[in-house]
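One structure is given below, encoded as structure tokens.
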Amino acid sequence: MCKGEKVEEVKEKGSKGVMGSKYLFSLSLYPLFTLLLVAFFSLPLSAQKKDKMDRAQREFAAGDYAGAIRTLQSARGLTESDAEAGLLLAVCQFHANDLITAEQGLLTITEQEKDGYPLAWFYLGRVYHAQHRFVRAATEYKRYLRSLSGDGPERKTVVRLLRNVDNGIRAGFVNDEMVAENMGATVNTENDEFGPIPSPTGSGRLYFSLLRPDISGNRGQTDIVATMASDLGWSPPSPVNPLLNTSGQENLLDISPDGQRLYYYRGNDATDGRFLIDTFSGAGNNQLVTIQPRAPISPAMGDVTPFFGAADAVYFSSRRPGGYGGLDLYRMVRLPGGRFGPPQNLGPNVNGPYDEVCPFVAKDGRTIYFSSNDPAISVGGFDVVRTYRVAGTENRFTVPENAGMPLNSAGDDTHFRLASDTFTGFLASDRKEGYGSRDIYVVYYVEPREEMQ
């Protein structure tokens, strides 16, 4: 379940709520304060236009980018006569995924205002970064970096983004071994879809979590649903079981290899809840058999995104004391009698001062995919990476490598899972080409993945 974002803020390791309905682990918004607290009005505004500007700023701060766009455009001549309003409009368009219009507005500001609005350079960099135009993104980020003084949090954010685009320039992650596609408007919406898990039995069914008013009846809650593949495409999502979803949050975690157990999180919010199992024995009728996992992990202990499907261990991400900073990956070995060994940190090759989340272990038992926002290996936000457990060892892992583009993007790419057909994968991503928030993407590989055979 590895996603809300407005303008990027510096967080050396921080993350949003891991079980929440908005972006998990995304960057927060630091330049928002530059935009809202430092007012450079190029012309005095009339009372009506000032009211419109104030309203748009409030809508922007609340994440209502579409509302802020409507407000700014309803004030005749406001964005054309005042550069601050024009900049706010372009930033809102960026966050509303209208990159082409945002770029045009930002270029106009940089051409007309020259050095007066350096934040326009930052957002031009964000536009080009989202489009994977890494060289142009680096140019704009560097222009913005030169406008900053001191060693404050904004500088650290821009340096990190420069490392992301440098990875994209140098590593040549794009390859022709895979194709990534948005699953389309039948599955995805302007709201949040995340945590895809393909049926382990190969039935063509995909399970995932979503935030959608017409399913949960409450915009702040999440539910577990399923979609089915057919010759006509993917079916509209429907609840897995009418009794499974409640007025609280239900987020899908995993499905057992035999397809008989569904692991999920249920709680009042992102952290106040429990990990549970539905045995599916009540599917199709009016009863559920719900139990708790035997593994001693809990959201109250800082444990998130567990993977139960490995035969020899449970993998999970956690903020437990003694780690390397932020969220680290851990492994808990399965013992006879349903017991578990102590949690073992996967070590410094895998974990570091950033976040490591959403582990997935392939069928070979050695290949572990997860998502990391370490700028040393990411092209932006969270990228899917993979490590290998060293053969003949219990807890030694190789240095992670980026799983490549187009699986990864300049956005947050998480919850990656390979399907049992060995040719297909699924992930959640908030890349700017989507419908809004996170969408579910499918990845098709040209050759079967050896680790799934």
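The values are calculated or read from the model by the stated rules, or taken from the named source; none is laboratory data. Treat the numbers as computed from the prediction; the structure is a model and nothing was measured. Cβ coordinates were reconstructed from backbone atoms using ideal geometry, including for glycine residues, and neighbour counts include every protein chain displayed. The accessibility values were calculated without ligands, DNA or RNA, using every heavy atom of the protein model including side chains. Shrake-Rupley method; radii C 1.70, N 1.55, O 1.52, S 1.80 Å.
Computed values, structure above
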| read-out | value |
| --- | --- |
| From the options SER371, SER298, SER317, residue that is among the hydroxyl-bearing types (Ser, Thr, Tyr), closer than 27 Å to ARG266 by Cβ, within 23 Å of the chain's Cα centre (by Cα) and surrounded by fewer than 23 Cβ atoms within 10 Å (Cβ to Cβ) | SER298 |
| In region 163-187, residue surrounded by the fewest Cβ atoms within 10 Å (Cβ to Cβ) [restricted to those that are closer than 18 Å to TYR444 by Cα and modelled with pLDDT of 90 or more] | GLU181 |
| One residue from TYR123, TYR65 being open to solvent by less than 30 Å² (accessible area, probe 1.4 Å), modelled with pLDDT of 95 or more and not small (Gly, Ala, Ser) | TYR123 |
| Any hit, region 325-333, residues being outside any strand (DSSP E or B), at pLDDT 95 or above, buried (at least 20 other Cβ atoms within 10 Å of the Cβ) and out of contact with any Cys (no Cβ under 7 Å at 6 or more places or on another chain) | yes |
| Some residue of region 93-106 being over 23 Å from GLY436 (Cα atoms) and either at pLDDT 95 or above or out of contact with any strand residue (DSSP E or B) (no Cβ under 6 Å at 6 or more places or on another chain) (or both) | no |
| Matching residues, region 343-368, being of a type in the set (D, E, K, R) and open to solvent by 10 Å² or more (accessible area, probe 1.4 Å) | LYS363, ASP364, ARG366 |
| Criterion: open to solvent by 10 Å² or more (accessible area, probe 1.4 Å) and under 25 Å from ALA62 (Cα atoms) - qualifying residue of GLU103, GLU113 | GLU103 |
| Enumeration of residues in region 410-436 that are on the phi > 0 side of the Ramachandran plot and surrounded by fewer than 24 Cβ atoms within 10 Å (Cβ to Cβ) | THR422, GLY436 |
